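The values are calculated or read from the model by the stated rules, or taken from the named source; none is laboratory data. Computed from a predicted model, the values in this text were never measured in an experiment. Glycine gets a Cβ as well: all are built from the backbone with ideal geometry, and neighbour counts include every protein chain shown.
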């Protein structure tokens with residue numbers, strides 16, 4: 001039997017975790033045919049079939065499950081070693097992988113990233129906009145900017161602040177609709193299963209019916225600007241839009257905290273510490289906007 005090498009196991013492990021060749025290809029940043037070729041060659045080298053190819057995806061065989069146990073242990077050891085070695089890096093240069101939700105990118109953090117790149121030209125930023133948190137223990141990213149009230153205990157970081165949200169509608173919509181008559185208005189829904197979700201109940205417009213569904217802040221923003229209805233948005237988005245106004249009385253509702261986080265093993269990495277401090281300092285300039293103190297009147 002041929003000796004295994006980690007490169008073969010990486011492709012195997014990627015398929016095992018993703019459940020598909022396409023998912024593995026995306027994860028490893030290679031094309032579909034490369035993954036197919038590598039896993040077929042690996043199976044041929046071992047003389048066993050590791051996956052059953054089904055219409056619903058790749059399902060591991062018994063042999064595959066045995067290989068998976070070893071692959072998972074090796075992956076954990078290599079990732080830990082890689083993270084610790086990166087954590088010893090004392091240079092203010094090299095790649096820095098940063099992840100954040102889309103709502104915080106755009107005009108809020110992107111200008112900060114641009115300034116950071118000018119101030120520290122030796123640092124190569126790789127920005128990943130993600131709806132689900134990246135695993136910092138697996139080094140899927142070096143730094144995460146997250147919206148959470150409970151950051152994981154194994155991460156170090158800084159709490160920036162808690163942002164607030166409010167109810168917005170277009171100027172034209174407010175002129176044409178009677179807010180004292182709830183049936184004449186409508187909420188733009190977020191995809192909730194219930195007809196009156198908690199965010200509607202906690203608002204000043206709990207009797208306004210909810211219609212349609214849009215599960216993205218920027219889609220909600222554009223729909224509200226187009227006069228589709230009322231929307232609940234972070235004030236750092238709504239208060240910057242000249243076409244939108246807070247719906248009277250313009251109350252703000254506390255939302256979640258914003259944190260900048262990294263794995264504790266990276267606490268001595270200069271570019272990680274520098275970037276985190278830079279984000280905290282520059283985000284402080286947005287405090288009034290984030291805390292809803294800059295409404296357009």
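Let's see how each residue does on (1) in contact with a helix residue (DSSP H, G or I) (Cβ under 7 Å, 6 or more places away or on another chain); (2) farther than 14 Å from residue 259 by Cα:
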{"site": "101", "(1), (2)": "no, no"}
{"site": "106", "(1), (2)": "no, yes"}
{"site": "139", "(1), (2)": "yes, yes"}
{"site": "165", "(1), (2)": "yes, yes"}
{"site": "172", "(1), (2)": "no, yes"}
{"site": "186", "(1), (2)": "no, yes"}
**Asked** Of all residues in segment 194-217 being part of a helix (DSSP H, G or I) and surrounded by fewer than 14 Cβ atoms within 10 Å (Cβ to Cβ), which is farthest from the chain's Cα centre (by Cα)?
**Response** 201
**Prompt:** Exactly one of (1) closer than 21 Å to residue 285 by Cα; (2) touching a residue at least 60 places away in the same chain (Cβ under 8 Å); (3) in contact with a strand residue (DSSP E or B) (Cβ under 6 Å, 6 or more places away or on another chain) is unmet by residue 105. Its number?
**Reply:** (2)
**Item:** Residue check for residue 192: free of Cβ contacts under 8 Å to residues at least 24 places away in the same chain and touching a helix residue (DSSP H, G or I) at 6+ places or on another chain (Cβ under 6 Å)
**Value:** no
**Complete:** Exactly one of 277, 251, 255 is surrounded by fewer than 17 Cβ atoms within 10 Å (Cβ to Cβ) and under 18 Å from residue 165 (Cβ atoms), and that residue is 251
**Request:** Specify which of the listed residues (50, 36, 46) is at pLDDT 80 or above, surrounded by 15 or more Cβ atoms within 10 Å (Cβ to Cβ), in the same structural domain as residue 70 (by TED's automatic domain parsing) and more than 18 Å from residue 71 (Cα to Cα).
**Result:** 36
**Request:** Can you work out which of the residues in segment 156-193 that are within 25 Å of the chain's Cα centre (by Cα) and in a loop (DSSP other than H, G, I, E, B) is nearest to residue 209 (Cα to Cα)?
**Result:** 189
**Message:** Just to be sure I understand, how many residues within segment 117-151 are in a loop (DSSP other than H, G, I, E, B) and free of Cβ contacts under 8 Å to residues at least 12 places away in the same chain?
**Reply:** 4
